[in-house]
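Reviewing the structure listed below.
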Amino acid sequence: MTCLFCQIVKGEIPAQKIFEDEKTFAFLDIKPISTGHALVIPKAHLEHFDDMDAEDTHHVMDTVQKLAPKIMEAVGATAYNVGVNVRPDAGQAVMHTHVHIIPRSADDGLKSWPGMDVDNLEEINNKIEALL
Ligand code: AMP
Ligand code: ZN
């Protein structure tokens with residue numbers, strides 16, 4: 001099995017590594033949405049965000065929380081988005097889960113997702129709760 005991000009972790013493919021510890025690895029996105037756009041991944045090959053157990057999730061999100069303010073400061077941004085695309089229909093292109101850190105600034109031209117006007121929140125909530 002060849003996985004691009006596993007190869008980056010192993011140093012087989014070059015990347016701009018920002019940080020590494022026992023469980024996590026962070027590097028700059030090769031096609032950034034904004035300057036400083038970075039990816040944080042578990043070193044273990046796990047395809048989807050929901051494949052991570054509580055410990056993996058803790059380590060990855062801990063690294064995100066540690067790095068994001070430093071990245072923001074380094075690139076002179078004033079804010080950041082944290083996001084995960086989970087499965088191809090949501091835009092996941094690399095099947096080794098990763099958390100995007102996207103530095104933001106006022107008037108940077110990036111648009112947030114639009115909200116919908118709806119009248120079925122309770123029905124949706126009931127469906128979700130029934131699965132928990
Ligand atoms: P996603 O669409 O959430 O799967 O995001 C995959 C991200 O990986 C994209 O933002 C790509 O620009 C980025 N990417 C793909 N190949 C590389 C690479 N070799 N080094 C760094 N980032 C990469
Ligand atoms: Zn992998």
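Some points to look at:
- Loop-located trypsin sites (Lys or Arg not before Pro) across region 42-130 with a Cβ neighbour count of 16 or fewer within 10 Å are Lys111, with loop assigned by DSSP.
- Here's the picture: a label point sits 7 Å out from the Cα of Asp21 along the beta-carbon direction, and within region 32-53 the residues with their amide nitrogen under 19 Å of it are 38-46, 52-53.
- Counting lysine pairs in the chain whose alpha carbons fall under 19 angstrom apart, excluding pairs fewer than 8 residues apart on the same chain, gives 10.
- In order along region 39-47, the phi-based Karplus estimate (6.51 cos²θ - 1.76 cosθ + 1.60, θ = phi - 60°) of 3J(HN,Hα) comes to 10, 10, 10, x, 5, 5, 6, 10, 5 Hz; Gly and Pro are listed as x.
- Whether the chain is rounded, prolate or oblate, judged on the alpha carbon gyration tensor where a/c under 1.5 counts as rounded: oblate
- The residues packed around Ile128, meaning those with a beta-carbon under 15 Å from its beta-carbon, carry a net charge of -3 if Lys and Arg are +1 and Asp and Glu are -1.
- Long-range HN-HN contacts of Ile18 with modeled amide H, under 5 Å: Ala26, Phe27, Leu28
- Solvent exposure of region 12-83 as accessible area per residue, Å², 1.4 Å probe: 59
- Dividing the helix sum by the residues of the chain, where each DSSP H run of 4 or more adds -39500 (n - 2.57), gives a mean residue ellipticity at 222 nm of -9000 deg cm²/dmol.
- Solvent-accessible ranking of Glu47, Glu122, Glu55, largest area first, probe 1.4 Å: Glu122, Glu55, Glu47
- What a 1.4 Å probe finds exposed on the chain is 54% carbon and sulfur by accessible area, rounded to a whole percent.
- Taking all protein chains together, Ile33, Ile13 sort by accessible area into Ile33, Ile13, largest first [probe 1.4 Å].
- Taking label positions 7 Å along the Cα-Cβ direction at both Glu129 and Asp53, the computed distance is 3.1 nm, reported to one decimal.
- With DNA, RNA and ligands ignored, accessible area of Thr78 (1.4 Å probe; Å², nearest 10): 100
The values are calculated or read from the model by the stated rules, or taken from the named source; none is laboratory data. Note that the coordinates shown come from a computational prediction; the quantities given were computed from them, not determined experimentally. Glycine gets a Cβ as well: all are built from the backbone with ideal geometry, and neighbour counts include every protein chain shown. Accessible surface is based on the protein model in full, side chains and every heavy atom, while ligands, DNA and RNA are left aside. Shrake-Rupley method; radii C 1.70, N 1.55, O 1.52, S 1.80 Å.
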